[in-house]
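Asker: Supplied in structure tokens, the structure appears directly below.
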Amino acid sequence: MEDKDLIAEISSIRNIMDRSTKFISLSGLSGVMAGIYALVGAWLAYKLLYVTDDSFIVRGYYRLLEERLILIAMAVLFLSVLTGVLLTLRKAGKKGQSVWNQTSQSLLLNGALPLATGGVFCGIMLLRGHYEVIAPCTLIFYGLALVAASKYTFGDVKWLGIFDIALGLLAAVFPGYGLFFWAFGFGVLHILYGTIMHFKYDR
């Protein structure tokens, strides 16, 4: 009986330590929604970039990015961030947890550097006309941001980052199919990750 009480006490202490050192208010549903937004955005981009016959024939590696593609990307980013913030606030509210604290600040700071660096680098590549590296770089730098931030949240985030980095490297090997790798990394993987997170932590 004493052993069971000791184990329960140790488990309780561990949960308290996790709450103080890890941001655990991330919502799995926000990952699912971000994945859906990404797939919709990728489908719209596909309609602009690829021929509309029965085959997946690329019009060209270096097709100029139209303003509509940039608008699609910005819409996906905006909706993903907005949904993530709202669902995280809802989850934290239900559990009586604070969203803005030392742990969440550390998470954002660690993830912000590779994410901001990647954003600036992709912007430079866009201005210089190196369109073929945009999809690989977004995946790689986003993956690096997740790995860096994972220290302050669920460990599952690290694996999502690693898979995105791997997909980004593959996309660099096959530059004509970056959109498909992008859709898989930001769309399919996010839906899988969000579903796992939801059933593992949100219920």
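The values are calculated or read from the model by the stated rules, or taken from the named source; none is laboratory data. Remember, it's a predicted structure, so these values are computed and weren't measured experimentally. All Cβ positions, glycine included, derive from the backbone under ideal geometry; neighbour counts span all protein chains shown. The accessibility values were calculated without ligands, DNA or RNA, using every heavy atom of the protein model including side chains. Shrake-Rupley method; radii C 1.70, N 1.55, O 1.52, S 1.80 Å.
Asker: Residues with amide H under 5 Å of S27's amide H, sequence separation 5 or more or different chain, H placed in the peptide plane at 1.01 Å from N; which?
Answerer: Counting only residues 5 or more places away or on other chains, the set is T88.
Asker: Short version: ³J(HN,Hα) in whole Hz for each residue of the range 67-78, in order, from phi by Karplus 6.51 cos²θ - 1.76 cosθ + 1.60 (θ = phi - 60°), x for Gly and Pro, what are they?
Answerer: Computed from phi, the couplings for the range 67-78 are 4, 5, 5, 5, 5, 4, 4, 5, 5, 4, 5, 4 Hz.
Asker: Starting at the first residue of the range 155-166, write each ³J(HN,Hα) from the Karplus equation 6.51 cos²θ - 1.76 cosθ + 1.60 with θ = phi - 60°, in whole Hz, x for Gly and Pro.
Answerer: x, 4, 4, 4, 5, 4, x, 5, 5, 5, 4, 4
Asker: Let me ask something additional. Taking every Cα atom in the range 99-149, find the radius of gyration and the maximum pairwise distance Dmax, and write them in Å.
Answerer: Radius of gyration, then largest Cα-Cα span, for the range 99-149: 12.8, 41 Å.
Asker: Ranked by accessible surface with a 1.4 Å probe, highest first, in what order do M33, M125, M74 come? Mind showing how you got there, number by number?
Answerer: Details: M33 65, M125 30, M74 110 Å².
Descending order: M74, M33, M125.
Asker: Continuing with this model, one more query. Kindly write out, for the range 82-94 in residue order, the coupling ³J(HN,Hα) from the Karplus curve 6.51 cos²θ - 1.76 cosθ + 1.60 (θ = phi - 60°), rounded to whole Hz, with x marking Gly and Pro.
Answerer: Coupling constants for the range 82-94: 4, 5, x, 5, 5, 6, 5, 4, 5, 5, 5, x, 5 Hz.
Asker: Which residues' amide hydrogens lie under 5 Å from the amide hydrogen of T153, considering only partners 5 or more residues apart or on another chain, with H built in the peptide plane?
Answerer: F23
Asker: Give, in nm to one decimal, the length gained when the segment between V188 and V85 is fully stretched (0.36 nm per residue of separation minus the Cα-Cα distance).
Answerer: Values: separation 103, 0.36 × 103 = 37.08 nm, distance 2.06 nm.
Computed gain between V188 and V85 is 35.0 nm.
Asker: Can I ask one more? Between the alpha-carbon centers of the range 146-160 and the range 65-94, tell me the distance in whole angstrom.
Answerer: 19 Å
Asker: Taking the mean number of other Cβ atoms within 10 Å as a proxy for protection, how do you rank 81-88, 181-188 from highest to lowest?
Answerer: Working: 81-88: 15.9, 181-188: 22.4.
In descending order of packing, they fall as 181-188, 81-88.
Asker: Same structure, new question: Could you sort out which of K47/K158; K47/K200; K91/K151; K47/K94; K47/K91 sit more than 30 Å apart by Cα distance in this structure? It would help to have the intermediate numbers written out before the result.
Answerer: Numbers: K47/K158 32 Å; K47/K200 36 Å; K91/K151 20 Å; K47/K94 41 Å; K47/K91 36 Å.
Checking Cα-Cα distances, K47/K158; K47/K200; K47/K94; K47/K91 exceed 30 Å.
Asker: Between R128 and K47, what length comes free when the chain is fully extended (0.36 nm per residue of separation minus the Cα-Cα distance, one decimal in nm)?
Answerer: Working: separation 81, 0.36 × 81 = 29.16 nm, distance 2.42 nm.
My answer for the length gained is 26.7 nm.
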